[in-house]
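Undergrad: First, the structure itself, so that you have it in front of you.
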Amino acid sequence: MTGPDQTGNDQTGSSAASHCRSIVELGPQRVRHLLELTDHMAEVNRRPNPKVPALRSRTVCNIFFEDSTRTRLSFEMAARRLSADTMTFSVGQSSLNKGESLRDTIETLAAMGVDAFVVRHRSSGVPWAISRWTDAAVVNAGDGWHAHPTQALLDCHTLMSELSGSSPRRADLAGIKIAIVGDIKHSRVARSGIAAFEMLGAEVIAVAPRTLIPPHFSTPVTQDLDTILPEIDALYLLRMQSERMSGALVPDLSEYTMRFGLTPERVQRMNDNVVVMHPGPMNRGVEITVDPAELPRSVITKQVTTGIAVRMAVLFELLGSGAAQAAPETSTEVGFESQMEEL
Amino acid sequence: MSILINGGRIIDQTGERVADVRVDQGLIIEVAPGLTPDPDEVVLEARDCVISPGFVDLHTHLREPGHEEAETIESGSRAAALGGYTAVIAMPNTNPAQDSVAVVEFVRAQGRAAGLCEVIPSGCITIGRAGAQLAPFAELAAVGVRIFTDDGTGVQDPLLMRRALEYAGDLDIVLAQHCEVARLTEGAVMHEGECCSHLGLPGWPAVAEEIMVSRDIDLVRLTGTPMHFLHLSTARSVGLVRAAKAEGLPITAEVTPHHLSLSDEMLMGFDPTFKVNPPLRTRADIDALKAGLADGTIDALATDHAPHTQASKELPLDQAPPGMLGLQTALGVALTHLDLPLAEILAVLSWKPAAIAGIADRHGRPVQVGEPANLTVIDPHQVWRVVPGSLASRSRNTPYAGMDLTGRVRHTLFNGVPVVIEGVPQK
């Protein structure tokens, strides 16, 4: 029997390579390539006029079904620095409140000529659904508890740069031990971060009560933060949300801080070289009770800065001319250099 | 006008033989090799095919009344006939629910009007399936309801379940449980395992099913009332039922084609087509369910045919409703994925479920003279591709879209009427 597939599962023919949806899907080669592109974008961002023509006449549509000021602004700034046209669509203003389906919304926006959708949604998997309905590139800006690949890339880049000091950025995280502390079960930041850290050779240890660890989790887990503190090179703190208390996941916030918070006592126990990271926004007094500015090696604001370069790299890789085919150094098409010329 | 099924091989509970079958006025009137067609007779070709008692589905969601946008009794009956079914048990989670004689009679009448198979309503265990107050078992039993279930949800309250079993004891009915401890599956989207952990989706743990299977086995032991377990999905559930049967408890169980053929890895692309309740489990569970079917622990293959509109299946995975189509693919999935003799596959599709449903007086009968002509002619070797848009259901949510299955229904006779000829519905 033959005939068109009429399920609505029709694939548009777009493959994983034309999207940035998760670290696992990107794979090690693209992750490394994106980190290299980030180096170039960081260089652009250090210029007095940090704007290049690379994505001129390309349109990037940010669709945020869930509140996110920082990630949205970071993507907007990244797109603009590459000279892309941007549209931002927040669910509050949308016709989704009038009963229009997600698919109709996407198809309508796609018909306006969108080249890339940057999507944030509270449900895991929505970027995959969207890429079934449009030929545009899809960038996952966070889906449910599942993935947040640009956060993971910026975390890796920030950590690698920090560990390299004034030398050129190291190419991997081999030999680096990272503790990631907090609500891993409900965290897309943790899922993507762990995948990327492990992909780059780091040894990751998850620190959380069993209630906040995903079932059948393959990364090593401990509840004993104090014991591992002296052994680690980086400490990644996750945001602890107070709604977790209601589900019998943690008794209360002060107990959480006692067992898993970065307290002054724990700072004492920690090696001075430990890099402290947090995806923001911080719950001061919960996962961290010290002022991060007083820590010897906190890169929390650096993460935010790197975020713009990473998002530029991701958009450029997907939409730039010839960018996805070759590393910038070897690219022969529409010269990488000309796309990165100062405007 | 009589009908001759010509050139086939009969397989039923009495064995296997090559014979032609002549049907007239709803009954089988002749069974013998080499029958000569009468000049004005309808001849149904069955060369290289198997003539089986018609199939019986213990678990069909027909959506009418209440959700006719997803399926009607007519469209679902057509899918059933095309799938070789001559009887389906209509699940009670309609709107209004099948908890009163009026609704039950409506469902039966719509089935009769469609005339494609016998639509046998089930009844609710509790009013509105709300889990609080018993439905009128005896009133419903008096109009022919035999299977009672709150399917879609399990009866959570152990006291209420005990009372239901005690009260049902003298009514010659079967209580059928959807085993799911609701508190353990709040917000659950898929099987709790490695995949759900990677995908960041809330998990449906196997124990949520097993705890209720275990509880209900204990309640059956206490009360002596028969019980049927719907859509078992885990290895441990199979083990519990096996042990209960060995003890001699009056327990039966079913498994769906999808739980025998698809694992939780199908969700890796976040496609809501593969969201179902209970969820697709692991390969180890699939193997245990197959073993349970092979050794008789599981009595029936039941579709849990659950149509949903395309719009609802295009919601994000966590919001999309669970369920998949099953009536037209059950035979093909069974023949493609089960390593069992054909007679055993037909047993779990036909006469064994007919006995559980209490309709063995007219469905799943041996192919013999004098029996009602509820028959299915299948080509066990035909390979066909599942094309969602070509299915008879109003919905398109088949998990087998684009897949090739081996084994297809060629003709279906319902009460002696050829409702499907050469894979084409006759009404």
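Undergrad: Those residues that are in contact with a His (Cβ under 9 Å, 6 or more places away or on another chain) and within 13 Å of chain B (Cβ to nearest Cβ), I need them from the range A:160-189; list them, please.
TA: A:S187, A:R188, A:V189
Undergrad: Separate question: Going by the conditions given, is A:D226 more than 28 Å from A:R32 (Cβ to Cβ), of a type in the set (D, E), open to solvent by less than 40 Å² (accessible area, probe 1.4 Å) and not in a strand (DSSP E or B)?
TA: no
Undergrad: Continuing with this model, one more query. Can you name the residue in the range B:272-304 that is open to solvent by 20 Å² or more (accessible area, probe 1.4 Å) and within 12 Å of chain A (Cβ to nearest Cβ) and is also nearest to the chain's Cα centre (by Cα) among such residues?
TA: B:F274
Undergrad: Which residues, taken from the range B:83-123, are within 14 Å of the chain's Cα centre (by Cα) and in a helix (DSSP H, G or I)?
TA: Listed by number, the list is empty, since nothing qualifies.
Undergrad: Return the pair list, or none, for Cβ contacts closer than 6 Å from residues in the range A:39-66 that are at negative phi to residues that are of a type in the set (S, T, N, Q), at least 6 apart or on different chains.
TA: Sorted first by the residue in the range A:39-66, then by its partner, the pairs are A:P53/A:S83; A:A54/A:Q339; A:L55/A:S83; A:R56/A:S83; A:V60/A:T86; A:N62/A:T88; A:F64/A:S90.
Undergrad: Looking only at residues that are of a type in the set (D, E, K, R) and free of Cβ contacts under 8 Å to residues at least 24 places away in the same chain in the range A:235-257, which one is farthest from A:V207 (Cα to Cα)?
TA: So the first thing to find is which residues in the range A:235-257 are of a type in the set (D, E, K, R), and the list is A:239, A:243-244, A:252, A:255.
Keeping just the survivors that are free of Cβ contacts under 8 Å to residues at least 24 places away in the same chain gives A:243, A:252, A:255.
Numbers: A:E243: 19, A:D252: 17, A:E255: 15 Å.
This residue is A:E243.
Undergrad: Among the listed residues B:R162, B:R183, B:R129, identify the single one that is open to solvent by 40 Å² or more (accessible area, probe 1.4 Å), within 14 Å of chain A (Cβ to nearest Cβ) and modelled with pLDDT of 95 or more. Give the steps one after another, and end with the answer.
TA: Values: B:R162 fails: within 14 Å of chain A (Cβ to nearest Cβ); B:R129 fails: within 14 Å of chain A (Cβ to nearest Cβ).
Answer to the selection: B:R183.
Undergrad: Can you work out which of the residues in the range B:186-223 that are free of Cβ contacts under 8 Å to residues at least 40 places away in the same chain and more than 14 Å from chain A (Cβ to nearest Cβ) is nearest to A:G247 (Cα to Cα)?
TA: Ranking the qualifying residues of the range B:186-223, first place goes to B:I211.
Undergrad: Quick check on B:D318: is it assigned by TED's automatic domain parsing to the domain that holds B:Q25 and either surrounded by fewer than 24 Cβ atoms within 10 Å (Cβ to Cβ) or acidic (D, E) (or both)?
TA: Taking the combined requirement at face value, the residue does not satisfy it.
Undergrad: Which of the residues that make up the range A:32-58 are under 20 Å from the mean Cα position of the chain (by Cα) and more than 14 Å from A:A309 (Cα to Cα)?
TA: A:R32
Undergrad: Find the helices (runs of 4 or more DSSP H) located wholly in the range B:169-251 whose residues include 2 or more that are of a type in the set (S, T, Y), under 25 Å from B:V145 (Cα atoms) and not assigned by TED's automatic domain parsing to the domain that holds B:L280, and list them.
TA: Hits in the range B:169-251: none.
Undergrad: Among the listed residues B:L346, B:L405, which satisfies the condition of being open to solvent by less than 30 Å² (accessible area, probe 1.4 Å) and in the same structural domain as B:Y85 (by TED's automatic domain parsing)?
TA: Values: B:L405 fails: in the same structural domain as B:Y85 (by TED's automatic domain parsing).
Being open to solvent by less than 30 Å² (accessible area, probe 1.4 Å) and in the same structural domain as B:Y85 (by TED's automatic domain parsing) holds for just one of B:L346, B:L405, which is B:L346.
Undergrad: Looking at the range B:132-155, which of its residues are under 19 Å from B:V220 (Cβ atoms) and surrounded by fewer than 15 Cβ atoms within 10 Å (Cβ to Cβ)?
TA: none
Undergrad: Do you know which residues across the range B:124-159 are more than 22 Å from B:V213 (Cβ to Cβ) and assigned to a helix (DSSP H, G or I)?
TA: Of everything in the range B:124-159, those that are more than 22 Å from B:V213 (Cβ to Cβ) and assigned to a helix (DSSP H, G or I) turn out to be B:I127, B:G128, B:F137, B:A138, B:E139, B:L140, B:A141, B:A142.
Undergrad: Name the single residue, out of those in the range B:224-247 being surrounded by fewer than 20 Cβ atoms within 10 Å (Cβ to Cβ) and over 26 Å from A:I213 (Cα atoms), that is farthest from the other protein chains (Cβ to nearest Cβ).
TA: Ranking the candidates gives B:G224 first.
Undergrad: Between A:L173, A:L200, which is of a type in the set (A, V, I, L, M, F, W, C), open to solvent by less than 40 Å² (accessible area, probe 1.4 Å) and more than 25 Å from A:F260 (Cα to Cα)?
TA: Result of the check over A:L173, A:L200: A:L200.
Undergrad: Further, regarding this structure: If you check B:A253 against the conditions, is it more than 14 Å from every other protein chain (Cβ to nearest Cβ), open to solvent by 10 Å² or more (accessible area, probe 1.4 Å) and in contact with a helix residue (DSSP H, G or I) (Cβ under 8 Å, 6 or more places away or on another chain)?
TA: Here the answer is no, as B:A253 does not meet what is asked.
Undergrad: Counting only residues that are under 18 Å from the mean Cα position of the chain (by Cα) and surrounded by fewer than 16 Cβ atoms within 10 Å (Cβ to Cβ), which one in the range A:67-105 is modelled with the lowest pLDDT?
TA: For the range A:67-105, the residue satisfying everything is A:D67.
Undergrad: Filter the range A:130-149 down to the residues that are more than 16 Å from the chain's Cα centre (by Cα) and either over 22 Å from B:K275 (Cα atoms) or open to solvent by 10 Å² or more (accessible area, probe 1.4 Å) (or both) and list them by number.
TA: If the condition is that a residue be more than 16 Å from the chain's Cα centre (by Cα) and either over 22 Å from B:K275 (Cα atoms) or open to solvent by 10 Å² or more (accessible area, probe 1.4 Å) (or both), then A:R132, A:W133, A:T134, A:D135, A:A136, A:A137 are the ones that fit.
Undergrad: Can you tell me which condition A:M258 does not meet? The list is (1) farther than 25 Å from A:Q151 by Cα; (2) in a helix (DSSP H, G or I); (3) open to solvent by less than 20 Å² (accessible area, probe 1.4 Å), and all the others hold.
TA: It fails just one condition, (3).
Undergrad: What's the number of the condition B:I5 fails, among (1) part of a strand (DSSP E or B); (2) under 30 Å from B:H228 (Cβ atoms)?
TA: Condition (2) is where B:I5 drops out.
Undergrad: Another question about this same structure. If A:V276 satisfies every condition in (1) outside any helix (DSSP H, G or I); (2) open to solvent by less than 20 Å² (accessible area, probe 1.4 Å); (3) under 22 Å from A:S68 (Cβ atoms) but one, which is the exception?
TA: (3)
Undergrad: In this structure, is A:R47 open to solvent by 40 Å² or more (accessible area, probe 1.4 Å) and modelled with pLDDT of 95 or more?
TA: Spelling it out, A:R47 is indeed open to solvent by 40 Å² or more (accessible area, probe 1.4 Å) and modelled with pLDDT of 95 or more.
The values are calculated or read from the model by the stated rules, or taken from the named source; none is laboratory data. Every value quoted in this text rests on a predicted model; they were computed, and no experiment measured them. In this analysis, Cβ positions are derived from the backbone assuming ideal geometry, glycine residues included, and neighbour counts consider all displayed protein chains. Just so you know, the surface numbers come from the protein's heavy atoms only, side chains and all, with ligands and any DNA or RNA stripped out. Shrake-Rupley method; radii C 1.70, N 1.55, O 1.52, S 1.80 Å.
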